[in-house]
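Please treat every number below as a calculation from the coordinates, not as lab data. Small disclaimer: the values here were computed from a predicted structure and weren't measured. With ideal geometry, Cβ positions are generated from the backbone for all residues, glycine too; neighbour counts draw on all protein chains shown.
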Amino acid sequence: MSVVRRVCSMFPQVVGFSKRNISFKTLDPPSPLAHGIHVFYCPDAVGIVAKLSDCIASRGGNILTADVFVPENKQVFYSRSDFVFDPAKWPRAQMEEDFLKLSQTFKAMRSVVRVPALDPKYKIAVLASKQDHCLVDLLHGWQDGRLPVDITCVISNHHRASNTHVIRFLERHGIPYHCLSTTKEEKREGEILELVQNTDFLVLARYMQILSRNFLRSYGNDIINIHHGLLPSFKGSHPSKQAFEAGVKLIGATSHFVTEELDEGPIIEQMVNTSFFMLFF
């Protein structure tokens, strides 16, 4: 689903409901400017937003979108800032140094800055099962340039014939496809780990398998799941059926980080659409 399109360039660890939620947008950047993304996670304190804004503005940058989250009773601060800047006035090395000083000031647990036009692309692998819709949408988003990543391979636990759309697409773009059939007793996680050794993170495009604790700890990097329902409600399998039986009139999708608890990881992005079945009520 298209909810994944923003995922590959963001890593905000957002948990729970926010007591402070700030969001604003300005105009799209002029062409000579470069686009940057900064993700910040630190103990909550007074003045973080001001210092973040000043860090960017003092170098001539302009914030396009800023999202701030402070979960209830957690005393932590999360933010994601999209901004534009002139690389001639704010060199990439200087930017790294400026955000490092900011992270040291606020004792940040995580501070990541990305300039997609200048930085190496993240390497990802995609895991999918039988249904194609999430995988196809992700592949088309990548083809259109909306996902600034390199897809190293697609791994599936279901066979796809050589004349299918997905296989033809992957062959045309030189992306390896690996079919690893699974059973309840054999998830073939060792083989998957070998295939994804050199990736920065994984995307589960409706991969209908639960990854074990050992797999998550062995892999060590972020894993993003696309759940075909609105978390935290309707976890696990058949979320649309669960929503229908509960009388819910809105459905959607959630992208979230994978943790050892099923569908409990921090939510990255959600999209809502009106359910088709509300038309019958």
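Observations, loosely collected:
- Length gained on full extension, V272 to A57, computed as 0.36 nm times the residue gap minus the Cα-Cα distance: 74.0 nm.
- Between T105 and A93, the simple spin-label model (points 7 angstrom out along Cα→Cβ) gives 2.3 nm.
- Greater than 28 Å apart at Cα, pairs in K101/K121; K74/K121; K51/K74; K107/K187; K51/K123; K74/K101: K74/K121; K107/K187; K51/K123
- Spacing of the two label points (7 Å from each Cα toward its C-beta) at R188 and R217, in nm: 2.5
- By average C-beta atoms within 10 angstrom, highest first, the peptides 55-66, 107-118: 55-66, 107-118
- Computed label-point distance, nm, for sites L118 and A50 using a 7 Å Cα→Cβ extension: 2.8
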